[in-house]
Amino acid sequence: MAETRTSLITLGLCEIKVGTAAPGGTMPTEMSKIGKTYKDTCKIAQDAADVTEHYEEGMAAPEVRKKARKIPRLTFSIMDANVDDLVAYVGGENIDGAWGYNGDEVVANKAIRVITEKGLDFDIPNADIEAVINADMSAKGIFLVDFTVTPMAVSAGKALKGTPKKAN
C-alpha cells in the first residue's frame, strides 16, 4: 500500500525573533523581535556539499564519493537599526547614546526563530551572527544591516530545526 504524503508549503515571513543563545539546544522562552526585516531579504539557503571523488586508474566512474555537507544559512537585512542594534549585532559599544566601533569587538551568539506565514517555522538555538552595514546614503537609499546567520553545534537536539505550524 502506498504511503500518503501530506503537502507542506512554506511561504512568507512574519517576523524574526532573537534571544539568548542556547548551546544546550533548547530554545529560550523569552525572545523579542529582532527589528524591521527589510522586504524580500530573508532567505534560508544551503551550499552544495564539498565532494571528493576517488578513481581507479583509467576509469571514468569514481569508486567512492565522499560528501561533506554544509548547514543551511539564514540571510536577511534589517532597516532602522538603532545604536543598541548596532552594538548587539555588528559590535561596538554605546558611548553616551552614540555608536562607537573599533572592529575588534566580539558579538555573542544568539538564538534565532524565523516565524513564517505558513508551513515551517525555523529555530536556531545557537546562532553565529555576522552583521555588516550596507547603507545607501543616496536620497532614495536606506541604512540596512545585512545578517548572515550560521547555525552552530548544540550539545543536544539539532543546530537547525524546522517545525510545521499547528493547524488552527
- Message: I want to confirm something. Restricting to the range 1-41 and keeping residues that are among the hydroxyl-bearing types (Ser, Thr, Tyr) and in a loop (DSSP other than H, G, I, E, B), which single residue is surrounded by the most Cβ atoms within 10 Å (Cβ to Cβ)?
- Response: TYR38
- Residues within the range 92-118 that are within 22 Å of the chain's Cα centre (by Cα) and surrounded by 17 or more Cβ atoms within 10 Å (Cβ to Cβ), tallied: 8
- GLU56 is checked against (1) out of contact with any Gly (no Cβ under 6 Å at 6 or more places or on another chain); (2) part of a strand (DSSP E or B) and fails just one. What number does that condition carry? (2)
- Spans of strands (runs of 3 or more DSSP E) in the range 65-168 with at least 1 residues within 20 Å of PRO23 (Cβ to Cβ): 73-79, 110-118, 120-135, 143-151, 161-164
- Going by the conditions given, is GLU30 without any contact (Cβ under 8 Å) to a residue 12 or more places away in the chain and not aliphatic (A, V, I, L, M)? yes
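Matching residues to (1) over 23 Å from ASP85 (Cβ atoms); (2) touching a strand residue (DSSP E or B) at 6+ places or on another chain (Cβ under 8 Å); (3) not basic (Lys, Arg):
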| residue | (1), (2), (3) |
| --- | --- |
| THR6 | yes, no, yes |
| GLY35 | no, yes, yes |
| VAL51 | yes, yes, yes |
| GLY58 | yes, no, yes |
- Message: Take the residues in the range 52-74 that are surrounded by fewer than 11 Cβ atoms within 10 Å (Cβ to Cβ) and of a type in the set (A, V, I, L, M); name whichever of them is farthest from ILE124 (Cα to Cα).
- Response: MET59
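Limited to the range 42-53, what total is found for residues that are part of a loop (DSSP other than H, G, I, E, B) and under 15 Å from the mean Cα position of the chain (by Cα)?
Step one: filter the range 42-53 for residues part of a loop (DSSP other than H, G, I, E, B), giving 42, 46-49.
Applying the additional criterion that residues be under 15 Å from the mean Cα position of the chain (by Cα) yields 42, 46-47.
The total comes to 3.
Select from the range 158-168 the residues that are more than 18 Å from GLU15 (Cα to Cα) and either at pLDDT 95 or above or among the aromatic types (Phe, Trp, Tyr) (or both) and list them in ascending order.
At the first step, the residues of the range 158-168 found to be more than 18 Å from GLU15 (Cα to Cα) are 158-159, 167-168.
Answer for the range 158-168, where residues must be more than 18 Å from GLU15 (Cα to Cα) and either at pLDDT 95 or above or among the aromatic types (Phe, Trp, Tyr) (or both): LYS158, ALA159.
The values are calculated or read from the model by the stated rules, or taken from the named source; none is laboratory data. Source: prediction; values computed, not measured. Methodologically, a virtual Cβ is constructed for each residue, glycine included, from the backbone with ideal geometry; neighbour enumeration extends over all protein chains shown.
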